[in-house]
Amino acid sequence: MTDSNLRNGWASAGEIAAAVAAGRLTARQAIETALGRIAAHNGVLNAFTDVVAERALARADAVDAALARGEAAGPLAGVPFAVKNLFDVQALPTRAGSKINRDRVPAPRDATLIERLEAAGAVLVGALNMGEYAYDFTGENIHDGPSRNPHDPTRMTGGSSGGSGGAVAGGLVPLSLGSDTNGSIRVPSSFCGLFGLKPTYGRLSRARSFPFVSSFDHLGPLTRSTRDLALAYDAMQGADADDPACAATSVEPVTAQLARGLDGLRIAVAGGHFRTALFPEAIEAVARVTRALGVTREVELPEAARARAAAYVISTVEGASLHLDRLRHRPADFDPAVRDRLIAGALVPGPFVERAQKFRRWYRDQVLALFRDVDVIIAPATPCVAPQLGQVNFVLDGVELPVRANIGIHTQPISFIGLPVVAVPLPLSPLPIGVQIIAAPWREDIALRVAHALEQQGVAVAPRPAQF
């Protein structure tokens, strides 16, 4: 780490915390640097919808005062972070990317994960742009404008956690939180060149966050390194009675396990569905990862394409059920594309939903059986690098395909059954792209170890955008 990185906003979360703990940097200085970068660059990136500067500076002063009293610094002391605006932030209405939610009463309390990060010394600086009601893969929001990719501001960040990706990749903050229902952490990680963690379903609390599809919503972090990902994950772990899905689980810190490497791990690459609908850059990214890991075995997730279809059915039906009252009374205040998908979901016949849920249970059993013989499965995160903002279709193998519907083709069959995944960035030129490191339920530690090994080899790297 260099002092210039501490001053210019490009230090990692771990580096900032270490400098604050050692007295080489104050928490206030770290937060003032982040607020300065937000003021300088958010006009281009459109990552933030709300900046809580007064709260952040007061919190930073409290961290510095605690250190001055000789109290122990937390593992994230002074680290600025921001959250997708579907997280409750005390005194702000929880937008969830919508126009309608701006009329809500301000949240009386922070989301659990914000509370846990601040208990570890981190400092919230604001809330981030996102696709409306998280029903989005592009990062384009008609109410707040599109999030813009720091590697090329004419391109998508991916969604729906678009601001979460843009804020970290653009160096505004070293850590952000997003949500992932069908790929909304992994897609921005891929397009923006970041490390992202979608944990096991039920691992991290979703309390006081606005839902999309409760039966497979996940919350998780995006960072520029695996160590930062592990630090944030460790700070947020633990059961929460306010989220029924977040039951009592063993809390095994993973930060100290990163260096264990690949010894004894059985790694395979996904075939079948995960070899289809790929642009050359996605093929190259998976090839680089498998070469670096020495992977020669291929496994096929049975009926993965059908799993994607079932995920679509359940997503649109559960989402529609949540929004029926809004659809009835304020249809004109929706993004028309989101509104129309939700209306379609409200019209799906009940037997279709029942079949999708039965298939989901069967599919989960089949995939879990694969983990008797392997520990990790490698798969592409997105079929392509970030498309242009506003791009409607792309052409692959002579076939024109809709962008919005196909960005999540390789993420949906995984979140559908709640598996933990670390997305790792491959710094291809001119744009990065991601690869999924998929593990069995509750084995985030294994996925993070593999991601860290790839980072140590220089294969997985979060590239710094030239213009930021």
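Some notes on this structure:
- Lone unmet requirement of (1) part of a helix (DSSP H, G or I); (2) free of Cβ contacts under 8 Å to residues at least 60 places away in the same chain; (3) hydroxyl-bearing (S, T, Y) for T290: (2)
- From the options A369, A405, A381, A466, residue that is surrounded by fewer than 18 Cβ atoms within 10 Å (Cβ to Cβ) and under 16 Å from G183 (Cβ atoms): A405
- Apart from one condition, V313 fits all of (1) at pLDDT 95 or above; (2) loosely packed, with under 15 Cβ neighbours inside 10 Å; (3) among the β-branched types (V, I, T); the exception is (2).
- Tally of residues being surrounded by fewer than 24 Cβ atoms within 10 Å (Cβ to Cβ) and under 16 Å from W442 (Cα atoms) across region 192-208: 4
- Looking across R364, R297, R275, one residue alone is at pLDDT 95 or above, under 30 Å from L431 (Cβ atoms), under 24 Å from the mean Cα position of the chain (by Cα) and of a type in the set (K, R). It is R275.
- Tallying residues that are within 15 Å of the chain's Cα centre (by Cα), closer than 24 Å to V313 by Cβ and either of a type in the set (F, W, Y) or buried (at least 24 other Cβ atoms within 10 Å of the Cβ) (or both) within region 411-431 yields 6.
- Test: residue in region 267-274 that is touching a residue at least 60 places away in the same chain (Cβ under 8 Å), of a type in the set (G, A, S) and surrounded by fewer than 20 Cβ atoms within 10 Å (Cβ to Cβ): no
- One residue from V123, V105 being more than 18 Å from the chain's Cα centre (by Cα) and either aromatic (F, W, Y) or closer than 26 Å to V187 by Cα (or both): V123
- Top-ranked residue of region 40-74 - restricted to ones that are among the β-branched types (V, I, T) and buried (at least 17 other Cβ atoms within 10 Å of the Cβ), ranked as nearest to the chain's Cα centre (by Cα): T49
- Total residues in region 3-42, condition under 27 Å from L389 (Cβ atoms), of a type outside the set (S, T, N, Q) and assigned to a helix (DSSP H, G or I): 8
The values are calculated or read from the model by the stated rules, or taken from the named source; none is laboratory data. Quick caveat, the model's predicted, so the values are computed rather than measured. All Cβ positions, even for glycine, are placed from backbone atoms using ideal geometry, and neighbour counts span all protein chains on display.
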